[in-house]
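The values are calculated or read from the model by the stated rules, or taken from the named source; none is laboratory data. Here the structure is a predicted model, which is why all the values come from computation and not from measurement. Counting neighbours? That spans all protein chains shown, and the Cβs are built from the backbone with ideal geometry, glycine included. Quick note on the areas: whole protein, heavy atoms, side chains included, nothing else; ligands and nucleic acids left out. Shrake-Rupley method; radii C 1.70, N 1.55, O 1.52, S 1.80 Å.
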Amino acid sequence: MEGVEMQFGRYYEEFEVGAVYRHWPGKTVTEYDDHLFCLLTMNHHPLHIDAHYAETSTHFKRNVVVGNYIYSILLGMSVPDVSGKAIANLEVESLRHVAPTFHGDTIYGETTVLDKRESESKPDRGVVSVETRGYKQDGTLVCVFRRRVMVPKKEFAGPEQPSFPEPKPSA
């Protein structure tokens, strides 16, 4: 029985300026996710981890999810559509947190291809510029970032799934 090929990332030739990739599924942000990310990154701002502080000392009246976690979720969501074949992530050109995200919100993302150009120094690759936007479940825009990714050209690429093991018959 033949396996079904799944796309993970794109080659340079597969990107079209103006194309929009909707990333699915979304991710519901839990209090645990947010607090773990804060602890791992040593961001101990009470707005993110102290419910009493957030309720009594901020206009939000509840914890706000740390913005870099939202960015990280969106970046991760975009990998299968954008950078799964990347040689390198070259640059995050801009990053804006537009609205707050709270525990229980679900994040969805989409990426638009803004530009692409062949490498000037190496003929086996090109650079793709994209913008990723993150939305809450109600359609509120929460995060926008632009980045540049170096990707291979198809004619120079290796095997699609080089690490997939050869199945052995069961005994």
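Computed values, structure above
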item: Entirely in the range 30-114, the helices (runs of 4 or more DSSP H) that have 1 or more residues that are among the hydroxyl-bearing types (Ser, Thr, Tyr) and surrounded by 14 or more Cβ atoms within 10 Å (Cβ to Cβ); result: 51-57, 67-78
item: Whichever residue in the range 115-127 is in contact with a Ser or Thr (Cβ under 9 Å, 6 or more places away or on another chain) and open to solvent by less than 60 Å² (accessible area, probe 1.4 Å) and, among such residues, is nearest to Ser72 (Cα to Cα); result: Val127
item: Tally of residues being aromatic (Phe, Trp, Tyr) and either closer than 23 Å to Asp138 by Cα or open to solvent by 60 Å² or more (accessible area, probe 1.4 Å) (or both) across the range 12-29; result: 2
item: Checklist (1) on the phi > 0 side of the Ramachandran plot; (2) in contact with a Cys (Cβ under 7 Å, 6 or more places away or on another chain) applied to Lys61, failing item; result: (2)
item: Residue that is nearest to Arg10 (Cα to Cα) [pool: residues in the range 59-103 that are among the hydroxyl-bearing types (Ser, Thr, Tyr) and modelled with pLDDT of 95 or more]; result: Ser78
